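Structure, as structure tokens:
The values are calculated or read from the model by the stated rules, or taken from the named source; none is laboratory data. As the structure is a prediction and not an experimental result, all values here were calculated from the model. Note that we place each Cβ from the backbone using ideal geometry, even for glycine, and neighbour counts take in every protein chain shown. Just so you know, the surface numbers come from the protein's heavy atoms only, side chains and all, with ligands and any DNA or RNA stripped out. Shrake-Rupley method; radii C 1.70, N 1.55, O 1.52, S 1.80 Å.
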Amino acid sequence: MSNEAKTVISPLSSPLRGVARVPGDKSISHRAVLFSAMAEGTSQLSGVLDSDDVRSSIEAVRALGAEVDLQKQADGSLAGTVCGWGARGPAQPDAPLDCGNSGTTARLLMGVLAPWDVRVEITGDESLRRRPMRRITAPLMKMGARFVPEGKETLPLTVCGARDLRAISYDAPMASAQLKTAVLLAGVFAHGTTTLVEPSPSRNHTELMLPEFGVPTTAANCTASVTGPCLLKASEVAVPGDPSSAAFIACAAALVRGSDIVIEDVSLNTARIGFTRTLERMGADVTLRHKGAEGKEPFGSISVRHVPNLHGCEVPAEKIASIVDEVPVLALVAAHARGVTVFREVGELRVKETDRLAAVVEGLALLGVDAWEDGNDLFVEGQPGLRVPSGLVLDSKCDHRLAMTWALAGLAGSAPVAVKNFDSVKISYPQFLSDMQRLAQ
Ligand code: S3P
């Protein structure tokens, strides 16, 4: 069975050393493609991540009438132009929009389509069709959009947009940048100021990028607002490297004795680099250097030097949004550290591409490490000097972040690890394995 394919990952032969560059940020790439598609005129994009998830956004906006001319560059990124539908609005597509594995594409599209007179069915792969959508449809319905079937939690769902959306003030039940973005994008076309308040700060790429497209936006203290109606104007976006991909290299360097690496030109947005703070709290040697800003996104380098004797730490609930995609790989680092690490209030991990809490507990148990859930908290009891059992098979559950986490268990471990469905790395970081092997030469 091809979907049970196993990839054997052997321990790295040398420490990780030198300069690394990671592909473009996935969240910023999605937004660059979607906002350009919504805009009047032709936007110039560079550094766009070429991965399955971003391709889902590109294909969706093409089906909605945007002209996308993004070409593969020598560094593997995509660059070129997107001519948006602007004042014309999106075209009525003749087939459902298949968002593949991409929650960001599906959820942001709901906000993109809500203010227009279209009926568009949104669907996705098996994993995406299990993920909750009411968190997005509920506020958009308050604004005047409809979804068919009404009240259904999962895809496929048909967005029935409306031209006269109401601006709302919405208290988000969870810190989710996808929810925040969907509401703000619909709010761009509503009359008045749409405000979203979140319980703790989620990634703020939308608030930073919308003003670049001419949208009056404010953001402070967990509150973001846009004032509409407003037509987005074409812009230029240079996408910095993805900190969520950089996290795997940083964690590898923290685990592999003798490592000393610099990851260049990566986003240093504080809403995204919580993992550097968590590694520091575990005793790792991490240095950030700010170099400048792409648009309003700060970027620079992250250096990590291996030091022995990592120790456990506690990550408080209000910091979880800043490491939401890095919890699995940080849990693997915690598995090698002395003492217990606690990640508070990580219930959101249950509704990612797979149930990442259950998957982490299960995978670490196979590694011989005690990890457990208590309510919404995740505990990992580390084992310095952890030995990988021979013949170990770990399951990615077709989840890209788990595929890379379990691959790292093999790369940084004492024996090879076979990872089921490792090729799901193509969702966010297709060249993950070759990058890691090159850094260890
Ligand atoms: C994302 C937001 C996060 C994150 C996802 C990308 C985004 O999801 O986990 O990988 O680009 O807005 P939530 O909004 O569900 O927290």
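With only Lys, Arg, Asp and Glu charged, each at its Cβ (+1 for the first two, -1 for the last two), find how big the charge dipole of the range 8-86 is about the Cα centre; round to the nearest 20 debye.
300 debye
So how strong a dipole does the range 229-336 carry about its Cα centre when Lys and Arg Cβ are +1 and Asp and Glu Cβ are -1, to the nearest 20 debye?
For this selection, approximately 160 debye.
Under the Kirkwood approximation for Rh and a Cα-based Rg, what ratio Rg/Rh is obtained for the range 164-212?
0.95
Counting Lys and Arg as +1 and Asp and Glu as -1, each charge on the Cβ, what is the dipole of the chain about the Cα centre in debye, to the nearest 20?
200 debye
Compute the length gained on full extension between Asp69 and Glu126: take 0.36 nm times their separation in residues and subtract their Cα-Cα distance, giving the result in nm to one decimal.
That works out to 17.6 nm of additional length.
Obtain the radius of gyration and the Kirkwood radius of the range 343-401 from its C-alpha atoms and give Rg over Rh.
Answer for the range 343-401: 0.98.
Over all directions, the average projected area of the alpha-carbon convex hull for the chain comes to how many nm²?
18.8 nm²
Which value, in Å², gives the accessible area per residue of the chain when a 1.4 Å probe is used on the protein heavy atoms?
It amounts to 37 Å² per residue over the chain.
Translational diffusion coefficient of the range 120-251 at 4 °C, 1.567 mPa s, Stokes-Einstein with Kirkwood Rh over Cα pairs, in µm²/s as a whole number.
Rounded, D is 81 µm²/s.
Mind listing the long-range amide H neighbours of Ile9? Cut-off is under 5 Å, sequence gap 5 or more, other chains count too, H placed in the peptide plane at 1.01 Å from N.
The list, which skips near neighbours in sequence, is Val417, Ala418, Val419.
Give the long-range amide H neighbours of Glu314: residues separated by 5 or more places, or on another chain, with amide H under 5 Å away, using H modelled in the peptide plane at 1.01 Å from N.
Val342
Positive end of the charge dipole of the chain (Lys, Arg +1 and Asp, Glu -1 on Cβ, about the Cα centre): tell me which of Ile261, Val369, Gly347 has its Cα farthest that way.
Ile261
Using only the alpha carbons of the range 1-123, what is the convex hull's orientation-averaged projected area in square nanometres?
It is 10.3 nm².
Placing +1 on the Cβ of each Lys and Arg and -1 on the Cβ of each Asp and Glu in the range 41-98, which of Gly47, Leu64, Leu78 has its Cα farthest towards the positive end of the resulting dipole?
Leu64
Exceeding 22 Å between C-alpha atoms, which entries from my cross-link table qualify? They are Lys26/Lys426; Lys26/Lys142; Lys233/Lys291.
Lys26/Lys142; Lys233/Lys291
Can you give me the three principal axis dimensions of the range 256-373 from its C-alpha atoms, in Å, biggest first?
Computed over the range 256-373, the largest-to-smallest principal extents equal 41, 34, 21 Å.
Under a Cβ-Cβ cut-off of 10 Å, what is the net charge of the residues other than Pro115 that fall near it, where Lys and Arg count +1 and Asp and Glu count -1?
Net of charged neighbours comes to -1.
Looking at the range 338-441, I'd like the Rg to Rh ratio, where Rg is from alpha-carbon atoms and Rh is Kirkwood's inverse mean 1/r.
0.97
Could you pull out every residue, at least 5 positions away or on a different chain, whose amide H is within less than 5 Å of the one on Ser176? Hs are placed 1.01 Å off N in the peptide plane, and Pro or chain starts have none.
Answer set, sorted by chain and number: none.
Restricting to DSSP loop positions (anything but H, G, I, E, B) with no more than 13 other Cβ atoms inside 10 Å of their own Cβ, which GluC sites (Glu not before Pro) remain in the range 124-212?
Qualifying residues, ordered by number: Glu126, Glu150, Glu153.
By a straight-distance test (C-alpha under 13 Å), which aspartates and glutamates pair with Lys6 as possible cross-link partners, with residues fewer than eight away in the same chain excluded?
Within reach: Asp395, Asp423.
What is the packing order of peptides 374-383, 411-420, taking the mean over residues of other C-beta atoms within 10 Å and listing the highest first?
Those peptides, ordered most packed to least, come out 411-420, 374-383.
Using all alpha carbons of the range 55-184, what is the percent of pairwise distances in each 5 Å bin, ordered from the shortest bin to the longest?
The percentages, shortest bin first, are 2, 11, 20, 22, 21, 12, 7, 3, 1, 0.
Run through the DSSP bridge list for the chain and note the antiparallel percent, rounded to the nearest 5.
Percent antiparallel among DSSP bridges in the chain is about 70.
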